[in-house]
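Visitor: Submitted below is the structure of interest, expressed as structure tokens.
Bear in mind that the values in this text are calculations on the coordinates, not laboratory data. What you see is a predicted model; the values in this text were computed from it and never measured. Here the Cβ is made from the backbone with ideal geometry for all residues, glycine too, and neighbour counts use every protein chain on show.
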There are 2 protein chains.
Amino acid sequence: MGRVQVRMEAALARLLPQAQVAPARLHAAMRYATLEGGKRVRPLLAFAAGDVAGAAAERLEIAAAAVELIHAYSLVHDDLPCMDNDVLRRGKPTAHVEFGEATALLAGDALQSLAFQLLAEHRLADDPHAQLEMVRTLATVAGSRGMVGGQQIDLEATGTALSVPALEFMHIHKTGALIRAAVALGAACGTLQEAERRSLDRYAKAVGLAFQVVDDILDYDASTATLGKTAGKDAKQGKPTYVSAMGIIRAREMAESLRAQALAAVQALGSRAGRLVSLADFIVLRKF
Amino acid sequence: MGRVQVRMEAALARLLPQAQVAPARLHAAMRYATLEGGKRVRPLLAFAAGDVAGAAAERLEIAAAAVELIHAYSLVHDDLPCMDNDVLRRGKPTAHVEFGEATALLAGDALQSLAFQLLAEHRLADDPHAQLEMVRTLATVAGSRGMVGGQQIDLEATGTALSVPALEFMHIHKTGALIRAAVALGAACGTLQEAERRSLDRYAKAVGLAFQVVDDILDYDASTATLGKTAGKDAKQGKPTYVSAMGIIRAREMAESLRAQALAAVQALGSRAGRLVSLADFIVLRKF
């Protein structure tokens, strides 16, 4: 585990309500759904963007935690029986299998609230208007025209064959929006020129889409043991994927092309973008 | 319907995503769960507190809408089959009956995000730090140590006999916290002395608890037709209520005593508290 990941585990463990605080079972479920698992791609992106903007790590860990809590809540709700009905996540039973549906539902709800609480109660930007803008950004990408909207499109698309543009529209919302927000919030903890901010956003758009394409490729060819979640599930559930829409060869080409786009977007930033470059490589070349 | 209620219906209809915007079904569910129903007690309290603080109506309707969206989302999730499994709300089929469980779940999630988006994207206080404090307040009362925590306690208490203090602890979280936030956010849109703020909070605490006691009394003795929701359901589900904990006569005395406490808290504010006084009367003396 890298330095940022170690730091984030500690930050999340500290920022989540302690498991012995009442209501204890709810807090245990919130911690279960968030801690000890996940690649922490969004926090890594926030820290890497913060590098470019010269942001302090104390601010970045709060902003990154807020984004990760939104991600964690979305997984809990996505796994529920009325959604994907998944029983395995990050190699462990899903939250509703472990704690029951009602507690899992409430834990997801409370994780969302906590994300906004964190963004409001710590000082994250020199200008409080900029901090309000961070709250607005996270709320917008999490909502009906962002992540949750993408989940709804996914829901309605199950069992149908989507065109590649329709698939892209879905993923831009479902996963892309929150990944862009991770980069934007990391950058907002520091200082950037407007042109630099636009470069980071082009990077984030490419990386966000690449992340999903690679997910579909991994789901297509990985085994359950390596992934830590039920593999081949998308195909079984009739979910449209990049592999089903364009074939495995073109999907691999697309992932590689998006990586090139991401790297091109941040080339002018030089060494400050070192971690962003490594992350684009990691996201596209990962095997899990 | 009063002037504030008419204004709030129009504000909510405007602030919610339009039903024809994609994903249309999700937006239709969000509107269904929020519009054309409800007594709008929390917005009324926000406006009444805003009266005391000399707040502009343009600010109050945003703050009140944010609180009402949190309330609306909590009802959608509370009605789900894994929670109370309720089929009737405000005289209409519940959201999951009308739109299916998955869409109802997502609509609730998106309503919560929208509440924080509204608080961040409109100017609600002269000082942006004060506005961040409004975000923090709403996030805290909505979360695991506020409303959602209260729902968890409720969940765990079903089928058990709670003592009156345990029941009070549950309701202080489940409904009391959001009602206090409605008053606090309304006041924060204007200007108040610290002592006045404390008076409003004492009022809100008493009114919040009174609201729940009266709810239990109404559930005990009202018919389904008058309530617009399934009556006597709490008792059937083995949920502890004030009526089951202390009997109908003492419950009525308690509601009356809380009304007196609420009125005493704001007496010194004179005519500026006129609407707060009327609301305390409405909440305790209502028949639905």
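Visitor: Between B:Ser163 and A:Thr191, what is the FRET efficiency for a Förster distance of 60 Å, r being their Cβ-Cβ separation, to the nearest 0.05?
Guide: Between B:Ser163 and A:Thr191 the formula returns 0.60.
Visitor: Let me ask another. Roughly what would the spin-label model give for A:Ile248 and B:Gln20, points 7 Å off Cα along C-beta, in nm?
Guide: About 4.6 nm separates the two model spin labels.
Visitor: What is the sum of charges around A:Ser74, taking Lys and Arg as +1, Asp and Glu as -1, for the other residues whose C-beta is under 10 Å from the C-beta of A:Ser74?
Guide: -2
Visitor: When every alpha-carbon pair in the range B:3-285 is counted, what percent end up more than 29 Å apart?
Guide: Looking at the range B:3-285, the distances longer than 29 Å represent 30 percent of pairs.
Visitor: Further question on the same structure: Below 15 Å, Cα to Cα, which aspartates and glutamates can A:Lys287 reach? Residues fewer than 8 away in the same chain don't count.
Guide: Cα-Cα hits under 15 Å: A:Asp215, A:Asp216, A:Asp219, A:Asp221, A:Glu256.
Visitor: Please go through the range A:35-129 and write out the GluC sites (Glu not before Pro) that DSSP classes as loop and that have at most 13 other C-beta atoms within 10 Å.
Guide: In loop regions of the range A:35-129 (DSSP not H, G, I, E or B), the sparsely surrounded GluC sites (Glu not before Pro) are A:Glu36.
Visitor: If you don't mind, another one. If you count, for every residue in B:135-141, the Cβ atoms of partner chains within 10 Å of its Cβ, what is the mean?
Guide: For peptide B:135-141, the averaged partner shielding equals 6.
Visitor: Compactness ratio of the range B:138-195: Cα Rg over 2.2 N^0.38 Å, N = residue count?
Guide: 1.34
Visitor: Now, a different point. Please compute the average number of Cβ atoms from other chains found within 10 Å of each residue's Cβ in peptide A:126-132.
Guide: 4
Visitor: Continuing with this model, one more query. Quick one: among B:Ala204, B:Ala245, B:Ala139, which has the greatest mean-square fluctuation in a GNM of chain B with alpha-carbon springs under 10 angstrom?
Guide: B:Ala245
Visitor: Quick test of the membrane-span-like rule: which DSSP H helices of chain B reach at least 24 Å along their long axis (C-alpha atoms) with mean Kyte hydropathy at least 0.0?
Guide: B:57-79, B:101-121, B:242-266
Visitor: Turning to a different aspect of this structure: At what distance in nm do the modelled label points of A:Ala264 and B:Ala10 sit from each other, each positioned 7 Å from its Cα along Cα→Cβ?
Guide: Once both label points are built, they end up 5.1 nm from each other.
Visitor: Continuing with the same structure: In what order do B:Val284, A:Val52 fall by count of nearby beta-carbon atoms within 10 Å, going from fewest to most?
Guide: Sorted ascending by nearby Cβ count, the order is B:Val284, A:Val52.
Visitor: A further question follows. Can you pull the percent of Cα pairs in the range B:74-160 with separation above 15 Å?
Guide: Value for the range B:74-160 (Cα pairs over 15 Å): 66 percent.
Visitor: Quickly work out the B:Arg123-to-A:Ala57 label distance, labels modelled 7 Å from Cα along the C-beta direction, and quote it in nm with one decimal.
Guide: Between A:Ala57 and B:Arg123, the label points sit 3.9 nm apart.
Visitor: While we're here: Calculate the radius of gyration of the Cα atoms of the protein assembly as shown to one decimal place, then report Dmax, the largest Cα-Cα distance, as a whole number, both in Å.
Guide: Every Cα atom of the protein assembly as shown included, Rg and Dmax give 24.0, 76 Å.
Visitor: Next up: Would you calculate a helix-derived [θ] at 222 nm for the protein assembly as shown, using -39,500 (n - 2.57) for each DSSP H run of n ≥ 4 and dividing by the full residue count, to the nearest 500?
Guide: Result for the protein assembly as shown: -23000 deg cm²/dmol, rounded to the nearest 500.
Visitor: Quick one: Kirkwood hydrodynamic radius for the range B:31-132, alpha-carbon pairs, angstrom, one decimal?
Guide: In the range B:31-132 this quantity evaluates to 14.6 Å.
Visitor: Determine the sum of side-chain charges near B:Ala251: Lys and Arg each +1, Asp and Glu each -1, restricted to other residues whose C-beta is under 12 angstrom from that of B:Ala251.
Guide: -4
Visitor: Continuing with this model, one more query. Which links in B:Lys39/B:Lys205; A:Lys174/A:Lys205; A:Lys39/A:Lys174; B:Lys92/B:Lys205; A:Lys92/B:Lys174 stretch past 24 Å when you go from one Cα to the other?
Guide: Going by Cα-Cα distance, B:Lys92/B:Lys205; A:Lys92/B:Lys174 fall outside the 24 Å limit.
Visitor: Still on this structure, please answer the following. Only residues of the range A:179-210 count here: report those whose backbone N is under 19 Å from the spot 7 Å along Cα→Cβ of A:Lys39, or say none.
Guide: Correct set: A:179-184, A:203-210.
Visitor: Fewest first, what order do A:Ile179, A:Ile217 take by the number of other Cβ atoms within 10 Å?
Guide: Final ranking by Cβ density, sparse to dense: A:Ile217, A:Ile179.
Visitor: While we're looking at this one, here's another question. Go through the range A:25-67 and name the trypsin sites (Lys or Arg not before Pro) that are in a DSSP coil and have 15 or fewer other Cβ atoms within 10 Å of their Cβ.
Guide: Taking the range A:25-67 and a limit of 15 other Cβ atoms within 10 Å, the loop trypsin sites (Lys or Arg not before Pro) found are A:Lys39.
Visitor: Taking the label point 7 Å from Cα in the Cβ direction, how far apart in nm is A:Leu35 from each other copy of itself, listed shortest first?
Guide: 4.4
Visitor: While we're looking at this one, here's another question. Quick one: with label points 7 Å out along Cα→Cβ, list the inter-copy distances for A:Ala268 in nm, shortest first?
Guide: Distances between equivalent label points, in nm: 6.1.
Visitor: Using Cα-Cα distances under 8 Å and only pairs 6 or more residues apart, what relative contact order does chain A have, in percent?
Guide: It comes to 21 percent, rounded to a whole number.
Visitor: Here's something else I'd like to know. Given a Förster distance of 56 angstrom, what is the FRET efficiency for A:Arg90 paired with B:Ser271, based on the Cβ-Cβ distance and rounded to 0.05?
Guide: It comes to 0.40.
Visitor: What average number of partner chain Cβ atoms lie no more than 10 Å from the Cβ of the residues making up A:26-32?
Guide: Per-residue shielding by partner chains comes out at 3.
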